[in-house]
Amino acid sequence: MSRRKIIIAIDGYSSCGKSTLAKELAVKLGYNYIDSGAMYRAITLYFLRNSVDFSDHSKVLDALANINLSFVFNEHRGASDIYLNDENAEPYIRDMIVSEKVSQVAAIKEVRSFAVAQQKRMGRKKGIVMDGRDIGTAVFPDAELKLFMTAAPEVRVVRRFKELYETNPEITIDEVRHNLELRDYIDSTREESPLHQAADAVVLDNSGLTREEQLEFVMRLVDKNLSPALSEGEGGVA
Ligand code: DC
């Protein structure tokens, strides 16, 4: 019997391990995984390459009219790569130069409307795991399962540093810490859909959890959601 499909929305601060969890969940459930941050990063890459003055709203709108974003599954990575106008942008979107500007770009109203409209379309058939900052609050307010992920700040800094060090051994831990602090601040204080926990989201602090423990915790929530009758009286999953 094929199971009903749901939408899983995962929000949280930068480098909380959202994408790792989202990817694993999608594989386990046979769902699509969409990294919504990759969309804001690809838009930022376009703006930087084309010297778009993003303080000028009409220039932003003109630029957005020339941007086409799509996701293509990459078997090697086990996740989708983002394409910016037919170019695989995945190798460039996590560069520090993009990370330094992406929160400013993601705070622009026109940019958000552009990205959110596409994200909503991607969820029409359900069977999707999407991570970001406003997925449970603005993109899929009716998502069947919402998670809000957190981890201790220094745990996040070290995780991001290790990730970036692989491709950029010049990077320092202070640079990474500064970038994360700044992005957290901009993402949670901006006017347009700031990062905040949806009232019906389950909080997941993974500072002390292994990947396996984290996945197990969330899979219990998924199972409970998909077969509520079976898990009644189980006593909760936290
Ligand atoms: O998840 P990430 O670090 O790759 O996201 C990059 C930036 O995009 C982040 O600083 C905030 C922004 N973002 C957002 O505003 N809304 C989303 N749904 C996803 C990301």
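The values are calculated or read from the model by the stated rules, or taken from the named source; none is laboratory data. Here the structure is a predicted model, which is why all the values come from computation and not from measurement. So basically every Cβ, Gly included, is an ideal-geometry build from the backbone, and we count neighbours across all protein chains shown. Each accessible area value is taken on the protein alone, full model and side chains, heavy atoms only, with ligands, DNA and RNA left out. Shrake-Rupley method; radii C 1.70, N 1.55, O 1.52, S 1.80 Å.
Considering only the stretch 19-40, I want to know if a residue exists there that is more than 26 Å from Asn85 (Cα to Cα), free of Cβ contacts under 8 Å to residues at least 24 places away in the same chain and open to solvent by 10 Å² or more (accessible area, probe 1.4 Å).
Looking for residues that are more than 26 Å from Asn85 (Cα to Cα), free of Cβ contacts under 8 Å to residues at least 24 places away in the same chain and open to solvent by 10 Å² or more (accessible area, probe 1.4 Å), one finds none in the stretch 19-40, hence no.
Looking only at the stretch 75-96, count every residue that is open to solvent by 40 Å² or more (accessible area, probe 1.4 Å) and either part of a strand (DSSP E or B) or touching a Leu at 6+ places or on another chain (Cβ under 7 Å) (or both) and tell me the total.
4
Being more than 13 Å from the ligand (Cβ to nearest atom), surrounded by fewer than 16 Cβ atoms within 10 Å (Cβ to Cβ) and part of a loop (DSSP other than H, G, I, E, B) is the requirement here; does Asp200 meet it? Break it down into steps so the answer makes sense when it comes.
Working: more than 13 Å from the ligand (Cβ to nearest atom): yes; surrounded by fewer than 16 Cβ atoms within 10 Å (Cβ to Cβ): yes; part of a loop (DSSP other than H, G, I, E, B): yes.
The answer is yes for Asp200.
Let me spell it out: the conditions are (1) modelled with pLDDT of 95 or more; (2) in a loop (DSSP other than H, G, I, E, B); (3) exposed (fewer than 15 other Cβ atoms within 10 Å of the Cβ), and Glu216 meets all of them except one. Which number is the exception?
Going through the list (1) modelled with pLDDT of 95 or more; (2) in a loop (DSSP other than H, G, I, E, B); (3) exposed (fewer than 15 other Cβ atoms within 10 Å of the Cβ), Glu216 breaks only (2).
If a residue must be of a type outside the set (A, V, I, L, M, F, W, C), part of a helix (DSSP H, G or I) and open to solvent by less than 10 Å² (accessible area, probe 1.4 Å), how many such residues does the stretch 100-124 contain?
2
Could you give every pair whose Cβ atoms fall below 7 Å, whose first residue belongs to the stretch 59-71 and is open to solvent by 90 Å² or more (accessible area, probe 1.4 Å), and whose second residue is modelled with pLDDT of 95 or more and not hydroxyl-bearing (Ser, Thr, Tyr), counting only separations of at least 6 or pairs across chains?
What qualifies is Lys59/Val52; Lys59/Asp53; Leu61/Glu110.
Looking at (1) open to solvent by 10 Å² or more (accessible area, probe 1.4 Å); (2) in contact with a strand residue (DSSP E or B) (Cβ under 7 Å, 6 or more places away or on another chain); (3) more than 14 Å from the ligand (Cβ to nearest atom), which is the one condition that is false for Gly127?
The one condition Gly127 does not meet is (1).
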